[in-house]
Structure formats: structure tokens, C-alpha cells
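Written out below as C-alpha cells is the structure these notes cover.
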Amino acid sequence: MRVNRNTAHRDPLYKEDLPVLRGDGLLNHDLLPDESGPQDQCGVFGVWAPGEEVAKLTFFGLYSLQHRGQESAGIATSDGKKILVYKDMGLVSQVFSESSLESLVGHIAVGHNRYSTTGASSWRNAQPTLGRTASGTVALGHNGNLINTAELLEMLKLKYPDQTENEITGGNTTDTAVLTALLAGDMDHTLEATALELLPKVRGAYCLVFMDETTLYAARDPQGVRPLVLGRLERGWVVASETAALDIVGASYVREIEPGELIAIDEHGLRSTRFAEVKRAGCVFEYVYLARPDTTINGRVVYEARVEMGKTLAKEYPVEADLVIPTPESGTPAAIGYSQESGIPFGHGLVKNAYVGRTFIQPSQTIRQRGIRLKLNPLKEQIKGKRIIVVDDSIVRGNTQRALVQMLREAGAKEIHVRISSPPITWPCFYGIDFATRAELIATGLGVEEVRQSIGADSLGYLSKDGMVRATNQEEKQLCTACFTGKYPIELPAEDRLGKDLLEKPAAACEPGPDSELDAILKASDD
Ligand code: 5GP
Ligand code: MG
């Protein structure tokens, strides 16, 4: 049995070192996680900086990207000779300690925050994932979602003809694991050459940050669906999902990693190779909800885009009222914009517990009946007797607004006008947001008036698609608006290979009961 002890994998659950590459095969359960299903909205971070504590820089980078994924976190480092990985379930601050960070030595690091809403959470699904290359090891973190995983699995079988599918995949097929296995195992080429051959064949949304013992790599899909930026430290380089992470580690913004670009950073400096033509289709929902407000995407500050969305919303759906309140925190910039444009005072009517959804303690039945209050509690004195405009960034299943409206009525609101700073979400995302299937999206089966009735508001207004697009300062043809329009910029494979339903089903048939409703509201625990 050949065991590579250089890549000992610290498994925090078992408090012992597990060799990642064990047995004769290159692939095993540690490389290929045990849960199939989509990868979701995630945060990635990478650093190449001799003389810096790269694990700590990565920790703080991931910490600032926590909103992009709260399920698991991991960091891999290299000192030029060997790669170490530490990953576990939970928030960045729960996974790492001073001592685990100190043990992650080296001058190169990649890190990852994972977010998943489907299937069982498991340690094996945490990233970075590992594989062996010609020169050593590859450690990979991925943000996005691939749509030709089935095709890539076929490639994997060709690459490892002597192994059964089960031996190759361990019965497991997450897109990140398949990518890692395709980058690995190539004993005739460098990792860079393998990546340049592989990436043009990968379809879907991907921001990859990966490394071997000597080199940090970052790659972005030709559409640039998810953000990925390059920053400069005095003594090195940083790549990160969002510019806010650069600010936090003290790196200056250099530029975006271009769509279709692979960069490599090592002792010789930074090399850039274009592996595909740019067909820009940046996710518009990053501006609406996903990214931090203090991040800049393609030249537009996200906060400013959101305020603008709120202003346009006020022009498109004006109403007489006494107070504009946000659904905290994601609705706040748009509520500020709505207030500025309408002249109606802005105030807080709801107080949010910032830590909700992150507890592992199941609420008791009595607490469950209090529902949304676990997350949002009304400021009764602010609300009583007033005509209230509630602004939120989006309605997905409708649970949040339904519960909110009821709570605001109980708190004595005279009228409740819901304003949403994006259009109705009617299509699933195949590029990295784990939205509900079409059947669960409330606006798929119901028109605006029916949604209004369903949530119980006195009026409801959604921002127009054009208003949303204008606020981003991007050209519509350079954005992905698929969740609002059904126009998918990267051609989707046949329905049976998608894994998500594209067929229309009535939303009403899928309305959740009170228990699952609370779970859904807790899950939608944005920052
Ligand atoms: P609903 O209750 O309608 O299903 O969800 C709407 C709420 O979820 C909104 O407050 C919005 O800010 C938030 N939200 C929208 N998209 C996402 C997402 O992808 N993940 C999470 N956790 N929350 C989201
Ligand atoms: Mg929200």
C-alpha cells in the first residue's frame, strides 16, 4: 500500500492525521465527497506571499466572505514542498483556532467557505478538495456550479480506464470532486498544462482557486458569472471572491480575474493565459443580494447599485405612507434609496438577531410557534398605527414576507406595503445559487396580485427588470438574468441531466406547513 504522508490531512473530527492519498488508487473517498448534488454559493480566497502568515490572511479573507457560505470552511497551505489541509463543518471562526492556523505553515494558501441548502451536510464535502498531480498535490476550492458534470464524469472514466466508476468516484459525483480528479492524476503534464486543456471543456459557472506545492492558480469561467478579483500585497498576491476581502487583508485591488483567464503565481511572478473567449454574463443577483454591499463588481459598488434599485422602485411603485422600513440586513440599502426618492422617512421597525440560523439547537414547539420572531422582532412603538412600506431585496418562496406582514399587523401597523428591489424570481439558477426548484418559487405559479394575497400585504411592488439592470451600470447583454427571465447564457443540457426541474408546476401545491416555513425563514438568514 502506497501512502503519501506528505499530504497528511488533519481531520479535526477525529483528532488524528489521515493520509489523503491512501491505497494504490489516486482517488478515494477523501477526494470525492459522498454527496451528489449542486455546489452552491461559496467564497474562495488564495494568497501567494513569502514572509506572510498566509493561513491567517486566508482565515481573515474567508471570515470576510462568510456571507457566501456558512456550512463548512477549509484552508490548504504549502511551504513549497508539502501541502497541508484543515477543514471542518461550521463557521470560519468555529473551524479554526490560533493553533490550527499556526500549524498551517507555508507561503501559499487557498481557502473556501461552503454553502449548501440541499442534502446532508458532511465533512467530506468541505473544500479544498485534494488530488495528486505529476508534480505532487492539487488543492482546489470552487465557487459556482457546473452544468456538464455528467460529461466530465465520462472524461474521468476515460482518464482512469483501469478503474470502475465506483472506484473513481467512490460513488460520489460533486462537481468540485470531479474537477479535482480531472486536474489530478495526470503524470505527463504539469498542473498548468492540464488545467489549460481541461478548462475549455468545463461548462457552467466556476471561480477556481487552486494550488500545487509551488504555484497558486485562479481561473474564472468565460462568462464570469461569479466575481473573482486579484489584489496586491506588499510581499505577494491575493485572489478573492469579492473586493471586500482584499480591503480586509490590506491588499490593494489590481483588477478582476478576467472571464476565461487562468493566472498562475509562483517565484517567477504572475503569468496570465486566456483559455477561452470572454462572453461576459455576470450574475445580476450578486448586485441584488449575494455580494457584500462594500464590494465592487465590474466597477459598480454593490451598495450604490442597491440604493439605486430602491430609488427606482420608489418611482415605479409609489404609495402614500408614514415610514419606510427595511427587512434587515439585505433590504437596508434599497430601503434607504426608496426613502430618499419618496421623501418618506426611513426608520427601523424590525430588529434582527444576526446569529439566527447558525444555531444547531432545534427550537422547541413553543418557540416554533413564535416563528419569524426568532430572527426578526418588531419595534412595536415604531410601527403602531402607521402606514408602513417594507422593503426587501427579493422574494424566493414568500415565507419571509408572509410571516413579516402578519407580525407587523399584530404589532399594530395600519397598512403594509411590500416593495421588492428585484423582479419576481421565476426560474431556477444553475450557476451557483441554490434557489428552490421552479415549483417552490412562489412567483412561478402566481401573478403579482396572487403573491400579494398569499403574503397578505395591502400592496406589493417588484422592481422592473430594466430598473434593476440600469442600477448595476452594466449592459444587460453582459449580465445573467436567468432567474428573472429564463434566458440562460450558458446553454443547459437536457432536462434529465440537469438535476433540477425546469417544468412549471403550481406553486400553491408546494406551500410549506408552519414547521418547514420556519426552517425556510431561518435558512434565508442573510447578512
Ligand atoms: P423567502 O422567505 O421568500 O423564501 O426568502 C426571501 C428572503 O431570503 C429575502 O429576505 C432575501 O434577502 C433572502 N434570500 C434571497 N436569496 C437568498 C439565498 O440565496 N440564500 C439565502 N440564505 N437567503 C436568500
Ligand atoms: Mg433578506
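Things worth noting here:
- Pairs meeting the criteria (first residue in segment 267-280 and more than 20 Å from VAL225 (Cβ to Cβ), second residue open to solvent by 70 Å² or more (accessible area, probe 1.4 Å), beta carbons under 8 Å, at least 6 apart or on different chains) are GLU267/THR214.
- Residue check, LYS81 touching an Asp or Glu at 6+ places or on another chain (Cβ under 7 Å), open to solvent by 50 Å² or more (accessible area, probe 1.4 Å) and assigned to a loop (DSSP other than H, G, I, E, B): yes
- Failed item in (1) at pLDDT 95 or above; (2) outside any strand (DSSP E or B), with VAL47 passing the rest: (2)
- Listed by position, the helices (runs of 4 or more DSSP H) enclosed by segment 429-527 that each have at least 3 residues that are under 20 Å from the mean Cα position of the chain (by Cα) and modelled with pLDDT of 90 or more are 482-485.
- Verdict on TYR317 being within 16 Å of ligand 1 (Cβ to nearest atom) and open to solvent by 20 Å² or more (accessible area, probe 1.4 Å): no
- ARG452 being open to solvent by 40 Å² or more (accessible area, probe 1.4 Å), of a type in the set (Lys, Arg) and in contact with a Leu (Cβ under 8 Å, 6 or more places away or on another chain): yes
- Close pairs (7 angstrom Cβ cut-off, 6 or more residues apart or separate chains): under 17 Å from GLY282 (Cβ atoms) in segment 421-447, acidic (Asp, Glu) and away from ligand 2 (no atom under 16 Å from the Cβ) anywhere: GLY432/ASP40; ILE433/ASP40
- Residues in segment 340-354 that are more than 22 Å from LEU376 (Cα to Cα) and buried (at least 17 other Cβ atoms within 10 Å of the Cβ): GLU341, SER342, ILE344.
- Residue match in segment 323-339 (condition: more than 16 Å from ligand 2 (Cβ to nearest atom), part of a loop (DSSP other than H, G, I, E, B) and open to solvent by 60 Å² or more (accessible area, probe 1.4 Å)): no
- Residue in segment 395-409 that is within 26 Å of GLU341 (Cα to Cα), more than 16 Å from ligand 2 (Cβ to nearest atom) and open to solvent by 10 Å² or more (accessible area, probe 1.4 Å) present: yes
- When segment 268-305 is filtered for residues that are in a loop (DSSP other than H, G, I, E, B), crowded, with 16+ Cβ neighbours inside 10 Å, among the hydrophobic types (A, V, I, L, M, F, W, C) and more than 16 Å from ligand 2 (Cβ to nearest atom), the ones remaining, listed by number, are PHE275, ALA276, ALA281.
- Top-ranked residue in segment 211-267 [being touching a Leu at 6+ places or on another chain (Cβ under 8 Å) and acidic (Asp, Glu); ranked as surrounded by the fewest Cβ atoms within 10 Å (Cβ to Cβ)]: ASP266
The values are calculated or read from the model by the stated rules, or taken from the named source; none is laboratory data. Predicted model only: the values in this text are computed from it and were never measured. Cβ sites come from the backbone with ideal geometry, for glycine too, and all protein chains shown count toward neighbours. Surface accessibility is based on the protein's heavy atoms, side chains included, excluding ligands, DNA and RNA. Shrake-Rupley method; radii C 1.70, N 1.55, O 1.52, S 1.80 Å.
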